[in-house]
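Below is one structure; the comments refer to it alone.
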Amino acid sequence: MRIGLPRALLYYWFGPAWKAFLQEIRLMPVVSRMTTKEILKQGVRVGVDEACLPVKVYLGHCLNLMSECDLLLVPRIVNLRKKEFICPKFMGLPEMVKAAVTNEYGPEGKERVLVWKSEHRSFWDAPPALPDYLRKLAGPGKIKTGLHRAKQVFREYRALLHQGYLPDEAEEILAGKNVHRREQGAAGLGVIGHPYCLYDHFLNMSLLTLLQRREYNYAVFTPELFSEEELSAEVADLAKPIFWTLGRRMLGAVRALRKKHVAGIIHLAAFACGPEALIGELIRRECQSYGLPLLQINLDEHSGEAGLLTRIEAFLDLINTHAHRREGIGCG
Amino acid sequence: MRVTFPHMGQLSIPVKALFEGLGHEVVVPPVTNKFTFELGSKYAPEFACLPFKINLGNFIEALEAGADTVVMGGGVGPCRFGYYAQVQREILQDLGYNFQLLLLDPPGAGTKELSKAIKLLAEAASPGRILSALRLAWVKTRLLDEGNRLYRMQAPYILPDNTVRQIYGDFLDQIDRENRVNRLLKIYSTFTVKINQLRKEVKPKPVLRVKIIGEIYMVLEPKVNFDLEDRLSELGVEAHRQISMSGWVEEHLFGVFFPHHAKRRKCLAKPYLSAFVGGHGQETVAETVDAGVNKYDGVIQVLPFTCMPEIVAQSVLPEISRDFALPILYLVLDEHSAEAGIHTRLEAFVDLMARKKRARDLRAKIM
Ligand code: SF4
């Protein structure tokens, strides 16, 4: 049986582990291909107008997969950590998907959506959270080994991201392929954002690889390069803990990046994202107080490549003059 | 201490009574106005939701009027409201205001703010005084909610006769000014007698019944929803809402004693949205189902642009609408929404409901 996994939202966080689990219980995972303009268009068409860009992208992937798989696996992620959340949309994601596929395929479409609910840690540690259907299909023994395997893969995958591989590279390595380490330049540059904004090459027009290429030659740091402990330690002194995991990681990353003396930070935010509207403000203030150059970009349905590139280039120019000025002062 | 707090519908009446009862001077922010909108959108992050901006505007206006202490609610997520105050504090400090922020954070938010706030607010008052202040505020809250409910049910029949408006306005004034519980109860009963009397005098006419759902601030604050309830009353529509100040207090502060709110929400929403999604998302779904089951003529969802829980709810509403043949109007509002446009849409929606109702009645007659 073919089980669809949309390559969007927290696929970039969990994907390979979900895939490994399905393979282990002898089902065939079908992962959607990289986001394309078509996929985005479909998502925009079926999503609620007000939904944020990443959710629309997710819906697009779902529709795209429907014809290629028998069942669609959609996570309901309440949180990744105790007392934190990601965003209400992850809690209601299955309902949003069901509404969208019902629209396209009628009530039968809805029947093809499997919901895997997770609260902190329960993805791999709590078999009851799995969709009933899968549990019955595979039986407790297989489920157990499957989850065990998934947990293992998850750890390996996160470790690879931690070493600086991009999600698609990490996936290839896990699949046993050889991936060359890209050479990194000397000057560091921070790029922060939610994983599905940072690593979706279509949404950000391959910004990460672009920055590492010859003409720019930066060493690029993303929040994934820091360990969870490091990131939480950085924001431990906040008067009130930030209860959105991804937001907390971003602010933590800003502070950690400063210690790495990066030349500047680019913040890729999603259009109409709720949490980022507030977190973005905190990040802006933080960078301002350090005198750290910051570029905040809102990715939306219409961000055209040219526009994005000009803004990035202008920002990099600014960083350069900034750096020279600093050096100048240092010499004087 | 000169205390201020944000507006939300009639909330200022009981909150003022509470703080004054505790012995503080209260600076009620000027009623939300055009200037509040401007201040809020000027200093708030661009994509923050409308309630954030209006709260901020309220604070600025109150601080300008001499307040030195801001009391604000908190939360533990996932709704953004829980982190409003942190960001608002920074913005206000940057603007050069000197004030302290008292944060009513629910226990479990990982801060010591609540105990600090309670200590500062209650330190000057004896336990007896605290109790009577709380009681007074609670009685006012209840009476305001009840009064509104009654008014919304009767006004559509009585309007355009303006006495009913006058009676309601006087009622609000009196509740605000009176601070003795027995007198308050009397004010309320006089009000009910007067309204019911008026209703008896007018000829019965067919009206539509609509349920208002959505995000609590947008539902309760007439200054941001373009006087939605008043407009509906004028258009001859009974406006009902489950969301109210007292309901919120019962469910969120004293949920142990009032478990029926949560039960109702989960039970009704279950077939469509079985998970909690923060804010009032599940409530919105639950009340839409309720409206469908009880054959309302329509439902109006009011939400601020980019409100996450309501967007989740919004994705499942069309299905409920189909299942119950229930028309739904979505009002997504931000500081750029134009009054004229909203009112036109509202009128069109009322027309649509009226047409449907006529068709239904006709069918019933033929059968
Ligand atoms: S965190 Fe932001 S971008 Fe992600 S799903 Fe929620 S609103 Fe959308």
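The values are calculated or read from the model by the stated rules, or taken from the named source; none is laboratory data. As the structure is a prediction and not an experimental result, all values here were calculated from the model. With ideal geometry, Cβ positions are generated from the backbone for all residues, glycine too; neighbour counts draw on all protein chains shown. For the accessible areas, the whole protein counts, side chains as well, though only heavy atoms, and no ligand, DNA or RNA atoms are used. Shrake-Rupley method; radii C 1.70, N 1.55, O 1.52, S 1.80 Å.
Observations on the model:
- Probe 1.4 Å, protein heavy atoms only - accessible area per residue of segment B:137-205 in square angstrom: 55
- Under the Karplus curve 6.51 cos²θ - 1.76 cosθ + 1.60, θ = phi - 60°, whole-Hz ³J(HN,Hα) for segment B:27-35, x wherever Gly or Pro sits: 10, 6, x, x, 3, 3, 9, 4, 5
- Counting only DSSP H runs of at least 4 residues, each contributing -39500 (n - 2.57), and dividing by the residue count of chain B, the helix-based mean residue ellipticity at 222 nm comes to -18500 deg cm²/dmol.
- For segment A:137-250, the solvent-accessible area with a 1.4 angstrom probe is 45 square angstrom per residue.
- The calculated FRET efficiency for B:A338 paired with B:K42, based on their beta-carbon distance and R0 = 25 Å, is about 0.85.
- Relative to the longest principal axis of the Cα atoms of chain A, helix A:93-105 runs at roughly 60 degrees.
- Under the criterion of Cα pairs below 8 Å and six or more residues apart, the relative contact order for chain A equals 17 percent.
- Amide H contacts under 5 Å for B:I213: B:I300, B:Q301, B:V302, restricted to partners 5 or more places along the chain or on a different chain, H placed in the peptide plane at 1.01 Å from N.
- If R0 is taken as 35 Å, the Cβ-Cβ distance between B:F258 and B:D351 corresponds to a FRET efficiency of 0.35.
- When the listed pairs A:K89/B:K211; A:K83/B:K263; A:K56/B:K42; B:K140/B:K186; A:K259/B:K112 are checked against a 18 Å cut-off, the alpha-carbon distance exceeds it for A:K89/B:K211; A:K83/B:K263; A:K56/B:K42; A:K259/B:K112.
- All Cα-Cα distances of segment A:10-70, cut into 10 Å bins from zero to the largest, leave 22, 46, 27, 6 percent in each bin in turn.
- Taking every C-alpha pair closer than 8 Å and separated by at least 6 residues, the mean separation divided by the residue count of chain B gives a relative contact order of 16 percent.
- Accessible area buried between chains A and B, both sides summed, probe 1.4 Å, in Å² to nearest 100: 3300
- The accessible surface of the protein assembly as shown, taken with every protein chain in place and a 1.4 Å probe, is 54 percent carbon and sulfur.
- Rg/Rg_globular for segment B:2-125, with Rg_globular taken as 2.2 N^0.38 Å and Rg from C-alpha atoms: 1.00
- Peptides A:138-145, B:216-223 ordered by packing proxy, namely the average of other Cβ atoms within 10 Å per residue, highest first: B:216-223, A:138-145.
- On the principal axes of its alpha-carbon atoms, the protein assembly as shown has extents of 86, 77, 47 Å, going from largest to smallest.
- Helix A:245-259 and the longest principal axis of the C-alpha atoms of chain A enclose an angle of approximately 30°.
- Other-chain or far-sequence residues with amide H under 5 Å of A:L72's (modelled H): A:G4, A:V113, A:L114
- 20 °C / 1.002 mPa s Stokes-Einstein diffusion coefficient of segment B:215-348, Kirkwood radius on C-alpha pairs, µm²/s: 139
- For segment A:171-313, the fraction of alpha-carbon pairs in successive 5 Å shells from zero, as %: 2, 9, 19, 22, 21, 14, 8, 3, 1, 0
- Largest-first principal axis extents of the Cα set of segment B:53-108 (Å): 32, 19, 16
- Remark: spin-label model distance A:D168-A:D70 equals 3.0 nm, labels positioned 7 Å along the Cα→Cβ axis.
- Solvent exposure of segment B:69-120 amounts to 42 Å² per residue of accessible area, where only protein heavy atoms count and the probe is 1.4 Å.
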